[in-house]
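Below: the structure, in structure tokens.
The values are calculated or read from the model by the stated rules, or taken from the named source; none is laboratory data. Worth saying up front: this structure is predicted, and the values here are computed from it rather than measured. Positions of Cβ are generated from backbone atoms using ideal geometry, with glycine treated the same way; all protein chains shown enter the neighbour counts. Surface accessibility is based on the protein's heavy atoms, side chains included, excluding ligands, DNA and RNA. Shrake-Rupley method; radii C 1.70, N 1.55, O 1.52, S 1.80 Å.
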Amino acid sequence: MSYPLHVAVVGAGYWGPNLARNFRANPQWKLAAICDLDATRAEKLADSLGGVPVITDLDELLSDPNLDAVAIATPAHTHHPIVLKALRAGKHVVVEKPLADSRDKGLEMAREADERGLVLMSDHTYCYTPAVMKIRELIADGMLGEILFIDSVRINLGLIQPDVDVFWDLAPHDLSIIDFILPGGLTATTASAQGADPLGSGKSCVGYLSLPLEGGAMAHVHVNWLSPTKIRQMVIGGTKQTLVWDDLNPQQRLSVYDRGVDLMQVSQAEADRTAATVSYRLGDTWSPALPEHEALASMTTEFAESIHDGRAPRTDGHAGLRVLAVLEAASRSLALAGAPSPIDSVPRSLEQAS
């Protein structure tokens, strides 16, 4: 397929305008239409972009033979029918997080895309930020050593969602990042979640999610709609160095600390780390330089190039499925008062899914 590819944005609410603006600015794309049931809202967005065709009927949109792809920015419970309809019309699809409102629905979407040879991409936007791309590179290069823990905090005042709890609203960001930066992806087998609803809203507004990782490591995610302060921070500890990502500090988003705990074995023949001497390493701190560009600009480029090259995007449908599997396990754990719940396995390919 040759550039520019033709794309339509479905959904002109909260996230759709951001997608539309970035597709419009990317020379690899031609923004062909805005599709929304609310014509007034769609026309307002189209006018802000200098004039884009507005369509209120999804079937009419998908019948256009010149349309190559759709970007879906609608509520999660609508993703499954819209994505399937688009794939069956032969369109490549990128869909905002979460991929669907259940793992089974997401799996059906991924199978449909694989069977038709189409790209199904999860818009895990944070994975395309310069900071997260650098974290992935540092871990892959072994700069941090063996990962010991990941501690992530995403708290803010609002927005309290009417249809999902704080885990389904905020944790997909952190889970998608963890899945992206770890060389083997997010491979935890159980999830433990604790939530609180001090407002009596009928859903968790404060949540804590724990995921045991390989080698005895652990990932912990704290999400909160009720905090008067906004924090977006992730600490990744390794055997060599520890990295701190502060997304709200544009002057120094990443800091790498040559500080940590070393375990010196009492005997070379003793494999039990409990028989060890603890020493503390207090070295230098450095901050890698990062380019400045909008994450969605990189996401739209990755979407175009994956279609053009006939390959899976970095955050494909299976990445979205891994996030969904953890969210479902977290919901089950909440119902069990925080007891660990198994995470359903996610196939890495269509052959494994069959």
Filter region 79-100 down to the residues that are over 20 Å from His308 (Cα atoms), in contact with an Asp or Glu (Cβ under 9 Å, 6 or more places away or on another chain) and open to solvent by 20 Å² or more (accessible area, probe 1.4 Å) and list them by number. His80, Lys85, Glu96, Lys97
Pull up region 306-324, narrow it to residues that are farther than 18 Å from Asp104 by Cβ and of a type in the set (A, V, I, L, M, F, W, C), then point me to the one that is nearest to the chain's Cα centre (by Cα). Ala312
Can you name the residue in region 166-177 that is in contact with a helix residue (DSSP H, G or I) (Cβ under 9 Å, 6 or more places away or on another chain) and among the aliphatic types (A, V, I, L, M) and, of all such residues, is surrounded by the most Cβ atoms within 10 Å (Cβ to Cβ)? Leu175
Within region 337-351, is there a residue that is touching an Asp or Glu at 6+ places or on another chain (Cβ under 6 Å) and at pLDDT 95 or above? no
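The rows are residues; the columns are (1) among the hydroxyl-bearing types (Ser, Thr, Tyr); (2) crowded, with 17+ Cβ neighbours inside 10 Å; (3) closer than 30 Å to Ala289 by Cα.
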{"site": "Glu112", "(1), (2), (3)": "no, yes, no"}
{"site": "Val119", "(1), (2), (3)": "no, yes, no"}
{"site": "Pro130", "(1), (2), (3)": "no, yes, yes"}
{"site": "Lys134", "(1), (2), (3)": "no, yes, yes"}
{"site": "Gly142", "(1), (2), (3)": "no, no, yes"}
{"site": "Ile147", "(1), (2), (3)": "no, yes, yes"}
{"site": "Val164", "(1), (2), (3)": "no, yes, no"}
With respect to Leu321, is the statement that it is surrounded by 20 or more Cβ atoms within 10 Å (Cβ to Cβ) and at pLDDT 75 or above true? yes
What are the pairs, 6+ residues apart or on separate chains, where a residue within region 242-254 that is in contact (Cβ under 8 Å) with a residue 40 or more places away in the chain has its Cβ under 7 Å from a residue that is of a type in the set (Asp, Glu)? Arg253/Asp246; Arg253/Asp247
Gly90 meets each of (1) assigned to a loop (DSSP other than H, G, I, E, B); (2) within 26 Å of Leu327 (Cβ to Cβ) with one exception, condition (2)
With respect to Ile160, is the statement that it is in contact (Cβ under 8 Å) with a residue 12 or more places away in the chain and in a helix (DSSP H, G or I) true? no
1 or more residues modelled with pLDDT of 95 or more and not charged (D, E, K, R): qualifying strands (runs of 3 or more DSSP E) within region 222-310: 226-238, 242-246, 254-265
Only one of these is free of Cβ contacts under 8 Å to residues at least 60 places away in the same chain, of a type in the set (Ser, Thr, Tyr), within 16 Å of Val323 (Cα to Cα) and part of a strand (DSSP E or B): Ser152, Ser210. Name it. Ser210
Please enumerate the residues belonging to region 25-42 that are surrounded by 17 or more Cβ atoms within 10 Å (Cβ to Cβ), out of contact with any Pro (no Cβ under 7 Å at 6 or more places or on another chain) and either of a type outside the set (A, V, I, L, M) or part of a loop (DSSP other than H, G, I, E, B) (or both). Asn26, Cys35, Asp36, Arg41
